[in-house]
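The next block holds one structure in the form of structure tokens; read it before the comments.
Nothing in this text is a laboratory measurement; each read-out follows from the coordinates by a stated rule. Keep in mind that this is a model prediction, so the values were computed, not measured. Using ideal geometry, Cβ is built from the backbone for each residue, glycine included, and neighbour counts are taken over all protein chains shown.
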Amino acid sequence: MLAQVLVGYANRSDVIVLALPRGGVPVAYEVAKKLHAPLDVFVVRKLGVPGHEEYAMGAIASGGVRVLNDEVLQRLGISDAAVDAVTRYEQGELERRERLYRADRPLPDLRSRTVILVDDGLATGSTMLAAVRAVRAQQPARTVVAVPTAAAETCAQLRSEADEVVCATTPEPFRAVGTWYDDFSQTSDEEVRELLAHAQQDAAHAA
């Protein structure tokens, strides 16, 4: 469904699709295949509230970008030391995943390209916001956020950060990303690596 909405970006040499692993990779693989565009990953890690890790207080992304939700930090009284401790832990996981998924491949050059950032959905949008800011620092021509499902409010907020935000569905009430999938089983590291390898093979055959 998402790929169909993005079909205007098909067959363009300047377009690259970047998936937010892990859940964004199966979605981005289908998008990249439909658009005949290269696929890579852009690693972002949520900074979870200590003791309630599923609740985001911010996020970090490749390139040293950290985004914090000041409202959450103030409301819950989370100290700078606690934020820094979570950041250090998640930075280690971010670097582990980059090595695992990319091996020796460097990050693709995004300068003057149209970058389509894909995830499986948006709830608070913290991780996508970190990704957008990190990508924009690399001076792309255009930054597009693309997800199959999202909270309408989150889509609206991201429009002030990205050049374009494509949310294929914005159901009300939203509740959670997984609510809108028939199959929301967790994507494994191995599946991410397999899909990236398939995408590289597809690109080589096309060339």
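Observations on the structure shown:
- Counting only alpha carbon atoms, the long axis of helix 24-35 and the longest principal axis of the chain meet at about 30°.
- Distant-in-sequence amide contacts of residue 120, defined by a placed amide H-H separation under 5 Å and a gap of 5 or more residues or a different chain, comprise 24.
- Couplings 3J(HN,Hα) of region 58-74, computed from phi: x, 7, 10, 9, 3, x, x, 7, 10, 10, 10, 8, 4, 4, 5, 4, 6 Hz, in residue order, whole Hz [Karplus 6.51 cos²θ - 1.76 cosθ + 1.60, θ = phi - 60°; x for Gly and Pro].
- When each of the peptides 165-176, 182-193 is scored by the mean number of other C-beta atoms lying within 10 Å of its residues, the order from highest to lowest reads 165-176, 182-193.
- Taking the chain as a Gaussian network of alpha-carbon nodes connected by springs under 10 Å, the highest mean-square fluctuation of the residues 123, 28, 197 belongs to 197.
- Computed from phi, the 3J(HN,Hα) profile of region 108-122 under the Karplus parametrisation 6.51, -1.76, 1.60 (θ = phi - 60°) reads x, 6, 9, 4, 6, 9, 8, 9, 9, 8, 10, 10, 7, x, 10 Hz, with x in place of Gly and Pro.
- Charge sum, other residues only, whose C-beta stays under 11 Å from residue 148's C-beta, Lys/Arg counted +1 and Asp/Glu -1: -3
- Nearest-0.05 FRET efficiency for residue 163 and residue 52, computed from C-beta distance (R0 41 Å): 0.80
- Cα→Cβ-extended label distance, 7 Å offset, between residue 204 and residue 70, nm: 5.0 nm
- Between residue 96 and residue 36, the contour length at 0.36 nm per residue exceeds the Cα-Cα span by 18.7 nm.
- Structure-based [θ]222 nm, the chain - -39500 (n - 2.57) summed over DSSP H runs of at least 4, per residue, nearest 500: -12000 deg cm²/dmol
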